[in-house]
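All remarks here apply to the structure that follows.
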Amino acid sequence: FPTLVTTLTSVSYRHFMKELRAPLLLAFTTGNVLIVLPFIIELIKNIASHFKITKEESHKTLATAIPILYNFPSAGNLLVMLFVLFTSSFYAHPFTFFDHGTFIFSSLFSLFGSASTSINAVIFLLDKMHLPYDAISLFFSVMPLTRHFQAMATCVGLTTVSLLILLA
């Protein structure tokens, strides 16, 4: 995501990551993206000030974009898809060509929601892909760690898309 920002805008990678450091740390330590939203808004306003975008203009755009984007599919929930692929490999249950299409289509709906809703998504995907239900215990055991990475990835994705919308 930071590379996407540096490719499409004139924001440097170092500047973007320096501004993003505190929100990422907060998202990782709490495992919650909702409390990071005010920091994301301020970060984007700081970067927008370098482009001579007024505070009023950026506030109007962000007041619309952030609440909408928060409800869209998040990058952090891609970890659920990776877990199901890992489960398929772990239990030696390879997907057929048709299974890959079913998996991608079914997984699209699991991208919505917060890190805590990923439990339901994993249960749904394991059932849909006919994988052993025992894998849910494996997911529960790693969830305290993965939930924090999910929040961090969601924070970066939300910041990136919001910034690109504002600068567009």
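Could you grab the Rg to Rh ratio for the range 1-77? Cα atoms only, Kirkwood for Rh. Could you put the intermediate results ahead of the total?
On the way: Rg = 12.7 Å, Rh = 13.4 Å.
Ratio of gyration radius to Kirkwood radius: 0.95.
Just tell me which lysines come within less than 22 Å, Cα to Cα, of Lys60; anything on the same chain fewer than 8 places away is out.
Lys60 reaches Lys45, Lys52.
What size of dipole, in debye to the nearest 20, comes out for the chain about its Cα centre when the only charges are +1 on Lys and Arg C-beta atoms and -1 on Asp and Glu C-beta atoms?
Details: 9 positive and 7 negative charges, 106 e Å.
Dipole of the chain, to the nearest 20 debye: 500 debye.
Once the cut-off is 21 Å, how many percent of the Cα-Cα pairs in the range 81-168 end up in the long-distance tail?
Values: 1431 of 3828 pairs.
It works out to 37 percent of all Cα pairs.
At a 1.4 Å probe radius, carbon and sulfur cover how many percent of the accessible area of the chain? Display every interim value, and only then the final one.
Details: 6530 of 9460 Å².
The computed percentage sits at 69.
Using DSSP to call loops (not H, G, I, E or B), can you name the trypsin sites (Lys or Arg not before Pro) in the range 15-114 whose Cβ has at most 13 other Cβ atoms within 10 angstrom? Numbers along the way, then the final one.
Values: sites: Lys18, Arg21, Lys45, Lys52, Lys55, Lys60; in loops: Lys52.
Answer in residue order: Lys52.
Stretch His15-Asp127 to full length: gain in nm at 0.36 nm per residue minus the Cα-Cα span? Walk me through the numbers on the way to the answer.
Details: separation 112, 0.36 × 112 = 40.32 nm, distance 4.40 nm.
Length gained between His15 and Asp127: 35.9 nm.
Suppose each label sits 7 Å from its Cα in the direction of the beta carbon; what would the Leu85-Ile136 distance come out to in nanometres?
Result for the modelled spin labels: 2.4 nm.
How many angstrom separate the Cα center of the range 1-45 from the Cα center of the range 121-157?
Using only Cα atoms, the two centres lie 24 Å from each other.
Rank these by accessible area, largest first, 1.4 Å probe: Glu56, Glu42, Glu19. Spell out each step's value before the answer.
Values: Glu56 120, Glu42 90, Glu19 55 Å².
Solvent-accessible surface, decreasing: Glu56, Glu42, Glu19.
In whole percent, what relative contact order does the range 3-82 give with Cα contacts below 8 Å and a gap of six or more residues?
Values: 25 pairs, mean separation 14.4, N = 80.
With pairs under 8 Å counted, the relative contact order is 18 percent.
Could you check how many percent of all C-alpha pairs in the chain are farther apart than 25 Å? Intermediate values should be presented prior to the final figure.
Values: 5444 of 14028 pairs.
Counting every Cα pair in the chain, those more than 25 Å apart make up 39 percent.
Tell me which aspartates and glutamates have Cα within less than 16 Å of Lys55's Cα, excluding those fewer than 8 residues away on the same chain?
Within the straight-line cut-off, Lys55 pairs with Glu42.
The values are calculated or read from the model by the stated rules, or taken from the named source; none is laboratory data. Nothing here was measured: the structure is a model prediction, and the numbers come from that model. With ideal geometry, Cβ positions are generated from the backbone for all residues, glycine too; neighbour counts draw on all protein chains shown. To get the accessible areas, we keep the full protein, side chains included, count just its heavy atoms, and leave off ligands, DNA and RNA. Shrake-Rupley method; radii C 1.70, N 1.55, O 1.52, S 1.80 Å.
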